[in-house]
Amino acid sequence: MKTKIQFHLFFCFMMLASFVACGPDARLDLIGNISGTSPRINERLADSEKYNATHPFVTLHATEESYHVYVCTDTHITTDVGRWGDFVSAYRQDIKCPVAVHLGDIVDAQNHFDEVHRAFAQMPKNPLKQDTMMVVAGNHDICFSQWPAFLETFKTSTYYFIVETPQGQRDLYIMFDSADGTVGGKQLKWLQEILAWAQNENFRHIIACTHTHFFMRDGSQGVATNFSIEETYMLLNLFQSHGVDMVWTGHDHSREVTQYKDMTCIIVDSMTEEDRKPCYMVAYIADKITYDFVAIMR
């Protein structure tokens, strides 16, 4: 009898967990239901677009034809900001880096965005270069009703920016929100419009940046906030057919580089304090994009 009850409890749990991978209108936020439900993608998109309407998308300027972009993800900060500080210090010291990117899961739980911002502000700046950090939200950044805090600190999670070189080469970076495992219908339309516009703009490279990955060999996060297989195929074909060179993601806490036709999809290593081999990525942007993964020693 006891075994049968345990089986039924396990079965019910697995059924509930499976809903996490469903579409945006039939999704249970198991963590959010315990500590406050987070707004879904259409609501977050509306908040981002409200900010975007009064803050035009920016063009950053590289000092040379080839430049560097520092990329990190899944810092999951609570109170220890040591590894985050190492990343910020590294990209600020690199004179060829006009922008750094954080792919989400900045914090681990409630009330820690202040630690992130304070550490960022206190790190020494380099007066010889631009100091720009671009961020998208991850699932931990919106659970426990944290979206208002994310919005107050980072303002938007759906936008794009351009990096222009001295000779006029332009690279487009599309930042989009996948924090609850879907882009949603309205954001999908936004992506389609941006990519259609980009095809007429003669960009050297197009890079898409978000939290949730497309491919998953390690599976350390289970089914938590992953795209459905149908949405994965749809997004992959949308990006590849519109000239996206690379997709940078996080979420799975395990590095993965997958080639999909002529598009490279990268899951960047996590930088949690518990991770024994934390890394970030440095992308070298020129006529061809190359990249290295850099270990954080502390």
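The values are calculated or read from the model by the stated rules, or taken from the named source; none is laboratory data. Not measured: the values here are computed from a predicted model. FYI the Cβ positions are ideal-geometry reconstructions off the backbone, even for glycines, and counts take in every protein chain you see.
Being touching a helix residue (DSSP H, G or I) at 6+ places or on another chain (Cβ under 8 Å) and within 14 Å of Asp74 (Cα to Cα) is the filter; apply it to the stretch 273-295 and report the residue that is surrounded by the most Cβ atoms within 10 Å (Cβ to Cβ).
Result: Tyr280.
Being of a type outside the set (Phe, Trp, Tyr) and at pLDDT 95 or above is true for just one of Thr225, Thr212, Thr264, Thr232. Which residue is that?
Thr264
Under 6 Å between Cβ atoms, at least 6 apart or on separate chains: pull out the pairs that start in the stretch 74-89 with a residue that is in contact (Cβ under 8 Å) with a residue 40 or more places away in the chain and end on any residue that is among the basic types (Lys, Arg) and in a loop (DSSP other than H, G, I, E, B).
If the second residue must be among the basic types (Lys, Arg) and in a loop (DSSP other than H, G, I, E, B), the pairs left are Gly82/Arg298.
Starting from residues that are of a type outside the set (Val, Ile, Thr) and in contact with a strand residue (DSSP E or B) (Cβ under 7 Å, 6 or more places away or on another chain), keep the ones in the stretch 264-274 and report whichever is farthest from Val116 (Cα to Cα).
Among residues in the stretch 264-274 that are of a type outside the set (Val, Ile, Thr) and in contact with a strand residue (DSSP E or B) (Cβ under 7 Å, 6 or more places away or on another chain), the one farthest from Val116 (Cα to Cα) is Cys265.
If you scan the stretch 112-134, which residues turn out to be at pLDDT below 95 and either within 21 Å of Ser270 (Cβ to Cβ) or of a type in the set (Ser, Thr, Tyr) (or both)?
Result: His112, Phe113, Glu115, Val116, His117, Ala119, Phe120, Met123, Thr132, Met133.
Could you count how many residues in the stretch 249-298 are under 23 Å from Gln169 (Cβ atoms) and part of a loop (DSSP other than H, G, I, E, B)?
The qualifying residues number 4.
Considering only strands (runs of 3 or more DSSP E) fully contained in the stretch 90-193, which possess at least 3 residues that are of a type in the set (Phe, Trp, Tyr)?
Those strands (runs of 3 or more DSSP E) span 159-164.
Among the residues of the stretch 46-71, write down those that are surrounded by fewer than 20 Cβ atoms within 10 Å (Cβ to Cβ), part of a loop (DSSP other than H, G, I, E, B) and among the small types (Gly, Ala, Ser).
Result: Ser66, single match.
State whether the residues of the stretch 180-203 include one that is surrounded by 24 or more Cβ atoms within 10 Å (Cβ to Cβ) and within 24 Å of Thr132 (Cα to Cα).
No - not one qualifying residue is present in the stretch 180-203.
If you take the residues of the stretch 133-166 that are under 16 Å from Gly104 (Cα atoms) and hydroxyl-bearing (Ser, Thr, Tyr), which of them is surrounded by the fewest Cβ atoms within 10 Å (Cβ to Cβ)?
Only one residue fits best here, namely Ser145.
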